[in-house]
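Reading through the structure tokens given below for one structure.
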């Protein structure tokens with residue numbers, strides 16, 4: 001076996017997947033292969049919540065690996081040391097016996113290829129149960145079925161109990177293109193035919209090559225990180241299963257299991273450049289679970305829907321209303337009036353829900369009843385309780401009504417289009433009347449009609465409406481350009497750096513989030529600040545290119561990811577892709 005990787009895309013990503021923080025996985029798969037924490041061998045985790053087996057929305061974050069340890073072994077069962085080389089389609093292990101390989105045969109099976117004419121194999125420990133303790137006892141439940149097979153002569157095959165589960169030692173005689181396949185399934189294992197390692201390897205290289213080859217060309221300065229971003233957009237996809245009605249992208253398979261509404265729309269902005277159906281399906285996944293009252297839930301996963309939470313307060317949980325805005329962007333790239341007609345009614349109901357169920361004082365401005373509905377879960381704005389009326393939420397609603405006008409116009413519904421434009425302009429006036437502080441030159445969120453004077457980008461959001469008077473818009477841009485507030489080395493911090501609540505290491509209390517930058521780039525353009533938008537775009541691209549991986553959020557001063565920032569992060573990759581494509585074409589966004 002050798003490293004004869006033909007695809008230039010895959011060669012360009014040699015050793016970009018570390019297996020320490022970013023798993024080796026495959027499009028559609030819920031299996032995640034990591035290096036073991038002690039650096040010896042591998043482990044396999046499941047990108048599944050499994051709440052039917054192990055109750056609790058976040059229990060999966062603490063669940064041990066399904067395969068606790070997996071080693072390559074020689075004929076005597078000794079662990080083989082190796083030097084590892086990774087590609088998007090395969091991982092190779094150089095040992096004293098020769099080179100082993102690992103690739104995915106399908107979404108539920110990974111295959112290990114052996115060197116020619118050796119006696120060797122694998123040893124692994126399976127922890128196939130989830131233990132759930134209760135007040136009066138507990139449950140021990142089967143998680144998934146696992147099986148292993150070889151396409152060559154078996155020398156030894158032993159299974160024994162261990163402290164961690166079951167220890168499997170499987171040694172075979174390699175006689176050419178030999179492989180050991182490990183399947184992890186909910187149903188009967190190994191329902192598919194075992195193929196040779198070479199066949200699995202070639203198929204994996206071909207499908208990843210096709211994935212990368214669809215992407216538009218970008219300037220050479222972006223290319224290295226651009227390809228890695230596209231790998232993220234492929235590797236985070238999972239096949240339809242359970243409540244996920246279409247192929248869906250998780251924000252980060254190892255950290256966020258499920259499909260979040262806000263993230264899904266940003267992911268679609270990248271997919272529109274390669275696969276219009278895949279982009280549109282990210283919307284369909286969410287809309288398939290729209291509630292009877294019009295609310296779209298926060299998140300969907302295989303076994304359930306997240307539409308309510310009981311901490312830090314009990315309330316319904318959703319995400320900011322950007323669906324219509326994002327859908328219109330999809331249409332501009334790949335015109336599809338049928339898709340717009342399909343989603344128009346649900347999005348009108350979604351818009352009505354915000355005003356019907358989230359406006360306690362009937363002032364025509366919506367409120368957040370749960371902090372997670374903002375997407376900015378632990379922003380200091382929510383520290384003293386809910387509900388809060390936010391200029392940012394109502395700006396989203398203004399943008400949504402503008403986008404609904406655009407959709408209605410495409411559908412030939414001119415009276416609807418005019419109605420939505422009137423509503424958007426009227427809403428902008430209410431935003432100014434209710435939230436604007438002439439002295440400070442910002443829009444404050446309010447709790448019980450009392451301003452919450454914590455300086456965050458949310459105070460500048462109305463710039464995005466495109467309807468503000470020039471003098472008001474300029475004051476907001478002045479705050480963005482202030483190095484003591486938001487113009488850090490790597491803007492835009494999610495709390496102004498001179499605000500006492502600023503902490504650059506804690507999510508939403510200071511770090512830079514790529515999706516917020518993207519929204520402001522759009523807003524600056526709409527307000528006529530093209531140079532400022534271009535500068536923010538370039539700084540955003542530079543920030544994402546600063547590291548090998550692509551992260552959930554970044555320290556706005558150093559540009560480094562804080563300790564809890566998830567790697568392999570979806571919307572950061574998606575936005576990098578979109579910005580790099582437009583920049584390469586001479587545009588901004």
Distances longer than 13 Å among the Cα atoms of the stretch 142-181: what percent of all pairs is that? 59 percent
Taking the 0 to 90 degree range and rounding to the nearest ten, how far is the long axis of helix 414-435 tilted relative to the main principal axis of the chain, both from C-alpha atoms? 80 degrees
Length added when fully stretched, residue 52-residue 355, from 0.36 nm per residue minus Cα-Cα: 105.6 nm
Reduced to Cα centres, the span from the stretch 323-388 to the stretch 92-130 in Å works out to 47 Å
Cα gyration tensor of the stretch 295-417, axes a ≥ b ≥ c as square roots of the eigenvalues: rounded (a/c below 1.5), prolate (a/b > b/c) or oblate? prolate
Expressed as a whole percent, how much of the Cα-Cα distance distribution for the chain exceeds 49 Å? 15 percent
Taking R0 as 35 Å, what's the FRET efficiency between residue 15 and residue 342 from their Cβ-Cβ distance, rounded to 0.05? 0.25
Taking the Cα atoms only, what angle lies between the long axis of helix 276-287 and the longest principal axis of the chain, rounded to 10 degrees? 70 degrees
If I take all pairs of Cα atoms in the stretch 436-571, what percentage of them are more than 26 Å from each other? 21 percent
Gain upon complete extension [residue 437, residue 293; 0.36 nm per residue less C-alpha separation]: 48.4 nm
Given bins 10 angstrom wide, list per bin the percent of all Cα-Cα distances in the stretch 15-73, short to long. 22, 49, 26, 4
Quick one, what does Rg over Rh come out to for the stretch 176-283 if you take C-alpha atoms and the Kirkwood Rh? 1.02
Helix-only [θ] at 222 nm, the chain, -39500 (n - 2.57) per DSSP H run of 4+, per residue, nearest 500, equals -10500 deg cm²/dmol
Using only the alpha carbon atoms of the stretch 8-209, find the Kirkwood hydrodynamic radius as the inverse mean reciprocal pair distance, in angstroms to one decimal. 17.5 Å
Sort the following peptides by mean Cβ neighbour count (other Cβ atoms within 10 Å, averaged over residues), highest first: 116-124, 573-581, 279-287. 573-581, 279-287, 116-124
Taking the 0 to 90 degree range and rounding to the nearest ten, how far is the long axis of helix 220-235 tilted relative to the main principal axis of the chain, both from C-alpha atoms? 70 degrees
May I ask you to order 15-27, 429-441, 344-356 by the average number of other C-beta atoms within 10 Å around their residues, highest value first? 15-27, 344-356, 429-441
Compute and list, largest first, the equivalent-ellipsoid semi-axes of the stretch 380-478 from the alpha carbon gyration tensor, each √(5λ) rounded to a whole angstrom. 27, 15, 10
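Any read-out appearing in this document is the output of simple, stated calculations on the displayed coordinates, not a laboratory observation. For clarity, every value in this text was computed on a predicted model and none was experimentally measured. Cβ sites come from the backbone with ideal geometry, for glycine too, and all protein chains shown count toward neighbours.
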